[in-house]
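S.K.: Got a structure for you, written out below as structure tokens; questions coming shortly.
The values are calculated or read from the model by the stated rules, or taken from the named source; none is laboratory data. All values reported here derive from a predicted model rather than from experimental measurement. Cβ: placed from backbone, ideal geometry, glycine included. Neighbour counts: every protein chain shown. The accessibility values were calculated without ligands, DNA or RNA, using every heavy atom of the protein model including side chains. Shrake-Rupley method; radii C 1.70, N 1.55, O 1.52, S 1.80 Å.
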Amino acid sequence: MGQVLSVLDLQRVYEVKRSVFSVQKEMINALNGVSLELDRGKTIGIVGESGSGKSTLARCILLLERPDSGTILFMGRDLLSITREELKTLRKQMQIIFQDPYSSLNPRKKVFDAIAEPLLFHRMVDKKEAKDRVIEILKDVGLDESFVNKYPHEMSGGQRQRVAIGRSLTTEPALIIADEPVSSLDVSIQSQIVNLFLDIKDRADIAMLFVSHDLNVVRFISDEIMVMYRGRVVETGTKDEVFLNPLHPYTKMLINAAKGKFFKKEGEDFFDKDRGCSYYARCEERKDSCCDSVPRLTGSKEHMTACFRES
Amino acid sequence: MQLLDVTDLNTSFFADGNVIRAVDGVSFSVSKSETFGLVGESGCGKTMTALSVMRLVQPPGRIVKGQVVFEGKDLLSLSEREMEKIRGGRIGMIFQEPMSALNPVFRVGEQISEALMIHKDVDKKEARGRVIELLKQVGFDEPEKRYTQYPHQLSGGQRQRILIGIAISCGPSLVIADEPTTALDVATESQIINLLQDLVNDSAMSMIFITHNLNITRKFCRRIGIMYAGRMLEQNSVDDFFKEPLHPYSKGLLSSIYGLMGDQKRLTAIPGSVPKLAELPQGCTFHPRCPYAMPVCREEEPIIKEMGKGQWVRCYLY
Ligand SMILES: Nc1ncnc2c1ncn2[C@@H]1O[C@H](COP(=O)(O)OP(=O)(O)O)[C@@H](O)[C@H]1O
Ligand SMILES: Nc1ncnc2c1ncn2[C@@H]1O[C@H](COP(=O)(O)OP(=O)(O)O)[C@@H](O)[C@H]1O
Ligand SMILES: [Mg+2]
Ligand SMILES: [Mg+2]
């Protein structure tokens with residue numbers, strides 16, 4: 001069985017105050033019917049501007065927070081209905097890597113402890129073996145033995161991200177969710193870490209969800225692409241399909257921007273969000289009828305989009 | 001004559017007996033109507049260079065040496081009062097984080113008016129009229145409505161438009177924009193770049209555009225300066241730079257970007273990490289990461305060499 005993860009119709013609503021000075025409440029559909037399927041050894045790249053729901057999706061899949069509804073099948077098990085005990089053993093097989101490795105590493109723990117801890121906790125090694133295994137893992141992520149005794153603040157951003165990646169590999173996970181893992185790194189370091197993700201993917205047959213707002217990075221690393229806009233998937237398909245033959249106006253805009261093409265249209269940030277296509281206000285190809293109802297994802301398995309122009 | 005001539009600028013931080021040379025011997029010039037891209041990774045001294053030009057360096061930092069000549073005046077020898085007239089008057093500034101640069105309790109229109117009334121001899125009513133015009137110029141469809149709004153009622157991109165309005169309100173001859181789009185989404189970013197491009201094209205304004213994003217400079221700037229560890233390693237025209245960069249560091253940066261857009265399986269990465277300013281290697285600051293490093297590179301720092309018109313490089317290969 002090749003399927004690692006299957007997500008069906010995930011919903012997550014946040015209730016927020018309209019502004020700092022307001023008592024009015026507003027509902028934000030951070031996830032509005034998101035589905036995806038991910039096989040062993042494959043990487044899905046998730047793109048979309050900030051606020052589109054990428055991190056919420058990552059957190060919900062890992063059950064760091066509970067979705068309001070939907071189904072999450074991980075290794076064939078329904079995460080929202082299994083017992084705590086079962087969840088605990090399954091958790092070991094899912095790992096997350098965040099944008100800022102500084103916040104995911106304990107500042108008072110040396111690299112050795114950061115990596116040895118999950119190894120010992122999950123009884124992957126005994127105390128005697130720990131040191132050798134930690135050094136091995138460090139080597140896998142491109143750090144030498146001398147890093148064993150370093151604290152997070154003694155390392156650069158790129159080195160910390162290597163440690164965070166090493167730590168996530170300790171439990172030999174089936175799924176890694178990387179949420180903007182290179183976004184805060186400098187260009188010269190970003191390439192190194194992208195290469196590291198490629199190595200991991202090749203070697204360990206891990207399934208990966210790779211979240212980024214940088215289309216070029218996502219394109220380089222992914223097999224499939226999922227484009228999110230305001231809590232919905234607006235386009236999804238194989239990398240080549242989405243990049244060479246983008247269907248949704250939002251995807252087209254992102255691809256042009258990534259190529260360094262600038263465009264004129266003023267993006268309106270405020271609009272009636274309850275009616276019609278949520279991209280209507282910014283769409284370069286809209287028709288009046290796009291306001292009437294919400295477009296659904298349609299197309300083939302290789303390429304789907306939620307746009308009335310395409311259906 | 002150049003609009004701005006910066007020569008051998010040195011700005012350092014003095015703390016706990018240590019000297020951190022944030023800007024080390026930086027020279028460049030910007031001519032009239034030109035957009036100059038100042039590019040480099042975080043911590044390389046871009047902001048400190050901009051702040052030095054504006055004489056806004058705060059202790060424990062201090063400009064140690066150098067010359068900044070703007071419209072024929074040596075800025076480093078002006079009195080603070082004369083300098084105040086230049087800041088926000090002849091030189092406009094746009095910063096990365098629009099929220100912190102705006103005052104949350106004042107209407108955005110009033111904040112632009114304020115900037116106008118400090119530098120120009122106009123009364124409130126006149127200022128308001130001009131601000132409405134400015135709001136239109138920076139792309140707002142309903143300037144009267146925007147005038148009365150508070151910063152929190154605007155999106156990040158709209159706030160950045162307001163800051164751009166403030167920066168150009170007094171008709172400056174130079175605008176320094178320090179990573180003005182880094183906090184924004186790609187869509188908003190490209191709108192803001194477009195706006196800046198229009199403003200530069202429609203007036204005789206020059207701009208120093210600070211960014212870590214080479215892709216943007218390619219479309220937007222005419223000349224480019226590459227900074228690394230407080231130094232300017234290369235200066236070039238954008239056309240020549242993207243065709244054939246001179247410095248090995250520039251080559252590495254470009255191949256990281258082209259690699260992502262190309263078809264190969266792995267990226268050619270620059271090895272190692274950016275050095276801390278307090279622990280700089282001897283010799284060329286880039287030599288530990290440089291594929292072309294020679295023995296001499298480890299010993300002494302290369303001097304800046306002029307390669308052609310408007311081309312400079314700091315490297316022993318030349
Ligand atoms: N804990 C939360 N409380 C309230 N709103 C939230 C919370 N987390 C996220 N949101 C909102 O949900 C939307 C999606 O956010 P997020 O998943 O962080 O997007 P992305 O990762 O794509 O930038 C945004 O509008 C955000 O403001
Ligand atoms: N307040 C400060 N105290 C000491 N060093 C500072 C201070 N501010 C900046 N620096 C030093 O100046 C260098 C350049 O900073 P900056 O110009 O802000 O870089 P950039 O804008 O290129 O990211 C930093 O690497 C840092 O070492
Ligand atoms: Mg996020
Ligand atoms: Mg800066």
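S.K.: Could you work out the percent of alpha carbon pairs in the range B:179-267 separated by over 21 Å, rounded to a whole number?
M.R.: Taking all Cα-Cα pairs of the range B:179-267, the fraction more than 21 Å apart is 39 percent.
S.K.: From the Cα trace of the range A:99-217, what convex hull volume per residue do you get, rounded to a whole Å³?
M.R.: Expressed per residue, the convex hull around the Cα atoms of the range A:99-217 is 100 Å³.
S.K.: For the residue pair residue A:93 and residue A:24, what label-to-label distance in nm results when each label sits 7 Å from Cα along the Cα-to-beta-carbon direction?
M.R.: Roughly 4.8 nm, to one decimal.
S.K.: Round to the nearest 0.05 the FRET efficiency obtained for residue B:117 and residue B:268 when R0 = 45 Å and r is the Cβ-Cβ distance.
M.R.: Numbers: r = 54 Å, r/R0 = 1.19.
After rounding to 0.05, the efficiency reads 0.25.
S.K.: Dipole of the protein assembly as shown (Lys/Arg Cβ +1, Asp/Glu Cβ -1, origin at the Cα centre): which of B:288, B:312, A:107 lies farthest to the positive side?
M.R.: Going by the Cα projections, it comes out as A:107.
S.K.: If you fit an axis through the alpha-carbon atoms of helix B:124-137 and take the longest principal axis of the Cα set of chain B, what angle between them do you get, 0 to 90°, nearest 10?
M.R.: That works out to roughly 50 degrees.
S.K.: Tell me the angle of helix B:186-202 to the major Cα principal axis of chain B, expressed in degrees between 0 and 90 and rounded to the nearest ten.
M.R.: The two axes meet at around 80 degrees.
S.K.: Just counting partner chain Cβ atoms within 10 Å, what average do the residues of peptide B:270-277 show around their Cβ?
M.R.: Counting other chains' Cβ atoms within 10 Å and averaging over B:270-277 gives 4.
S.K.: Rg and Dmax of chain B, Cα atoms, in Å?
M.R.: Radius of gyration, then largest Cα-Cα span, for chain B: 20.5, 68 Å.
S.K.: OK, next. Can you tell me which of B:165-178, A:33-46, B:5-18 comes out highest on packing, and rank the rest after it, using the mean Cβ neighbours within 10 Å?
M.R.: On the way: B:165-178: 22.6, A:33-46: 20.1, B:5-18: 15.5.
The densest-packed peptide leads the list: B:165-178, A:33-46, B:5-18.
S.K.: Based on the alpha-carbon gyration tensor of the range B:97-248 and its eigenvalue square roots a ≥ b ≥ c, which shape applies: rounded if a/c is under 1.5, prolate if not and a/b is larger than b/c, or oblate?
M.R.: It comes out prolate by the Cα gyration axes.
S.K.: Compute the Rg to Rh ratio over the range B:1-158 from the alpha carbon atoms, using the Kirkwood formula for Rh, and round to two decimal places.
M.R.: 1.02
S.K.: First measure r as the distance between the Cβ atoms of residue A:65 and residue B:258, then evaluate 1/(1 + (r/R0)^6) with R0 = 45 Å and state the FRET efficiency to the nearest 0.05.
M.R.: In this case the efficiency is close to 0.70.
S.K.: D for the range B:129-195, whole µm²/s, Stokes-Einstein with Kirkwood Rh over alpha-carbon pairs at 20 °C and 1.002 mPa s: what number? Before the final figure, lay out each step's value.
M.R.: Working: Rh = 12.4 Å.
Estimated via Stokes-Einstein, D reaches 173 µm²/s.
S.K.: In the range A:1-129, if every C-alpha pair distance is counted and binned at 5 Å from zero, what percent goes to each bin?
M.R.: So the P(r) values, bin by bin, are 2, 8, 15, 17, 17, 16, 12, 8, 4, 2, 1, 0.
S.K.: So how do A:16, A:211 rank on accessible area, 1.4 Å probe, biggest first, that is with the largest at the start?
M.R.: Ranked from most to least accessible, the order is A:16, A:211.
S.K.: For the range B:67-157, report the convex hull volume of the alpha-carbon atoms normalised per residue, in Å³, without decimals.
M.R.: 127
S.K.: A further question follows. Taking the Cα atoms of the range B:105-166, what is the range of coordinates along each of the three principal axes, in descending order and whole Å?
M.R.: Taking max minus min along each principal axis of the Cα atoms, the range B:105-166 gives 31, 23, 18 Å.
S.K.: What is the average number of partner chain Cβ atoms found within 10 Å of a Cβ in A:194-202?
M.R.: 2
S.K.: What percentage of all Cα-Cα pairs in the range A:123-173 are separated by more than 13 Å? Numbers along the way, then the final one.
M.R.: Working: 723 of 1275 pairs.
Taking all Cα-Cα pairs of the range A:123-173, the fraction more than 13 Å apart is 57 percent.
S.K.: Say a paramagnetic label sat at a point 7 Å from the Cα of residue A:223, along Cα to Cβ; which residues of the range A:30-50 have their backbone N under 17 Å from it?
M.R.: Correct set: A:36-46.
S.K.: On to the next question. Principal axis lengths of the range A:154-293 from Cα atoms, whole Å, largest first?
M.R.: Between the extreme Cα coordinates on each principal axis of the range A:154-293 lie 54, 28, 28 Å.
S.K.: May I pose another question? Taking only Cα atoms, what is the 0 to 90° angle, nearest 10, from helix B:108-119's long axis to the longest principal axis of chain B?
M.R.: With both axes taken from Cα atoms, the answer is about 80 degrees.
S.K.: A follow-up question, please. Two decimals is fine: what's Rg over Rh for chain A, C-alpha atoms, Kirkwood radius as Rh?
M.R.: Using only Cα positions, Rg/Rh for chain A is 0.99.
S.K.: Kirkwood Rh over Cα pairs of the protein assembly as shown into Stokes-Einstein at 10 °C, 1.306 mPa s: D in µm²/s?
M.R.: The Stokes-Einstein estimate is 60 µm²/s.
S.K.: Sorted by accessible area with a 1.4 angstrom probe, largest first, how do A:303, B:152, A:153 fall? Kindly include the intermediate steps, with their values, before the conclusion.
M.R.: Working: A:303 15, B:152 60, A:153 110 Å².
Ranked from most to least accessible, the order is A:153, B:152, A:303.
S.K.: Follow-up. Determine the gain in length on full extension of the stretch residue B:19-residue B:141; use 0.36 nm per residue of separation and subtract their C-alpha separation, reporting nm with one decimal.
M.R.: That works out to 38.9 nm of additional length.
S.K.: Describe numerically, in nm with one decimal, the distance between label points set 7 Å from Cα along Cα→Cβ at residue A:244 and at residue B:219.
M.R.: 2.4
S.K.: Which distance in nm do the two modelled labels at residue A:84 and residue B:65 give, with both placed 7 Å along the Cα-to-Cβ direction?
M.R.: Distance between label points: 6.7 nm.
S.K.: Then there is this: For the range A:3-230, with the dipole built from +1 on Lys and Arg beta-carbon atoms and -1 on Asp and Glu ones, taken about the Cα centre, which of A:5, A:50, A:130 lies farthest toward the positive end?
M.R.: The Cα lying farthest towards the positive end belongs to A:130.
S.K.: Among the GluC sites (Glu not before Pro) in the range B:1-79, which ones are in a DSSP loop with at most 15 other Cβ atoms within 10 Å of the Cβ? Mind listing them?
M.R.: Within the range B:1-79, the qualifying GluC sites (Glu not before Pro) (loop, at most 15 other Cβ atoms within 10 Å) are B:71.
S.K.: Report the calculated FRET efficiency for residue A:3 and residue A:123 (r = Cβ-Cβ distance, R0 = 45 Å), to the nearest 0.05.
M.R.: 0.95
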